[in-house]
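Only one structure is covered here, and it is reproduced in the block below.
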Amino acid sequence: EYPVCTVPDSEVARLKGLGFLRDKTTEDRFNCRIITKNGRVTSDFMRAAAEAADKFGSGKLAMTSRMTIEIQGIPYSNVDDFIAFINSKGIECGGTGPKVRHVVSCKGTTCQYGLIDTFSLSEKIHENFYVAYDRELNKILGVVSAIDPTTNLEYDYSNLESINHQYYFTVKNY
C-alpha cells in the first residue's frame, strides 16, 4: 500500500500540466520531466540537470521512452525553486498531460545508416508544432466564448489558463 498524498488533487493535476508526475511511493514527492527537444543535449544541459537533481530532488535522473530526462524525488516544497533554477539554465519542464508532445528523433546522419540530418529537422518540427502550439492558443485569449455548431458545446475562454503548453478552459452544453 502506498502513502496518502498530502498535496491537494487540484495541485497534483496542475503540476502534471507543468511536467511533474507524483511519485506514488511517497507522500509529497514528484518526478519532473524536462524537455530535450529531440533527445540530444549538451554537457552543460546534463550538468544543470544533475545539479538540479542534487539540489532539489533525490539526486537521481532517468531517461524516458520519449527521450526526456526525468529528475526524480522532488519534494512538493521544492517545486517552485526547482522550476526557477532550471528555467534560469534555459531548460523547460513538460511532456506530461493531454497536449502536443515534444519531438523524438533518431540520430540521423551521425548513424552509419542515417540519410538525413534528423536533429536539425526535429528542432524545426519542435519549434513549428510544440512551441507554436502555445503561440496559436494564446491568440484566442481575447475571445470570451465560442459555440461549436456541430456539437452545440460552448467553449468558455474567459478563464483560459496556460501552464507550460497545457491549456485549461470550461466546456458547457449549449
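Quick one: accessible area per residue over the range 1-120, 1.4 Å probe, rounded to a whole number of Å²?
55
Looking at the range 1-34, which trypsin sites (Lys or Arg not before Pro) are DSSP coil and have at most 10 other C-beta atoms within 10 Å of their C-beta? Before the final figure, lay out the partial values.
Values: sites: R14, K16, R22, K24, R29, R33; in loops: K24.
Those satisfying the criteria are K24.
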### Query
Can you pull the accessible area of M63 for me, 1.4 Å probe, Å² to the nearest 10?
120
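Could you give the length gained by full extension between Y113 and T6, i.e. 0.36 nm per residue of separation minus their alpha carbon distance, to one decimal place? Could the numbers behind the result be given before it?
Numbers: separation 107, 0.36 × 107 = 38.52 nm, distance 5.01 nm.
Net length gain for the segment: 33.5 nm.
Below 12 angstrom from the Cβ of Q72, what's the summed charge of the other residues (Lys, Arg +1; Asp, Glu -1)? Walk me through the numbers on the way to the answer.
Numbers: positive: R22, R29, R33, K60; negative: D23, D54, E70.
Surrounding charge for Q72 is +1.
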### Task
Would you tell me the accessible area of D44, worked out with a 1.4 angstrom probe on the heavy atoms of the protein chains, in Å² to the nearest 10?
100
### Task
Considering Cα pairs under 8 angstrom that are at least six residues apart, work out the relative contact order of the range 1-65 and quote it in whole percent.
22
### Query
For the range 73-83, in order, what is each residue's ³J(HN,Hα) by Karplus, 6.51 cos²θ - 1.76 cosθ + 1.60 with θ = phi - 60°, in whole Hz (x at glycine and Pro)?
x, 8, x, 3, 5, 9, 4, 4, 5, 4, 4
### Query
So who's got an amide H within less than 5 Å of the one on E92, skipping anything under 5 residues away but keeping other chains? H placed 1.01 Å off N, in plane.
I35
### Query
What are the ³J(HN,Hα) values, in whole Hz, obtained from phi via the Karplus relation 6.51 cos²θ - 1.76 cosθ + 1.60 with θ = phi - 60°, for each residue of the range 45-58 in sequence order, with x given for Gly and Pro?
4, 5, 5, 5, 5, 5, 5, 5, 5, 5, 6, 10, x, 8
### Summary
Amide H proximity to G19 below 5 Å, modelled H, separation 5+ or other chain, gives T96
### Summary
Too long for a 27 Å Cα-Cα cut-off, among K24/K60; K55/K107; K16/K37; K55/K124; K24/K55, are K55/K107; K55/K124
### Task
Pull out a ≥ b ≥ c, the square roots of the eigenvalues of the alpha-carbon gyration tensor of the range 29-76, then state rounded if a/c is under 1.5, prolate if not and a/b is larger than b/c, and oblate in the remaining case.
oblate
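The values are calculated or read from the model by the stated rules, or taken from the named source; none is laboratory data. Every value quoted in this text rests on a predicted model; they were computed, and no experiment measured them. Cβ sites come from the backbone with ideal geometry, for glycine too, and all protein chains shown count toward neighbours. Remember, those area values only see protein heavy atoms, side chains included, never the ligands or the DNA or RNA. Shrake-Rupley method; radii C 1.70, N 1.55, O 1.52, S 1.80 Å.
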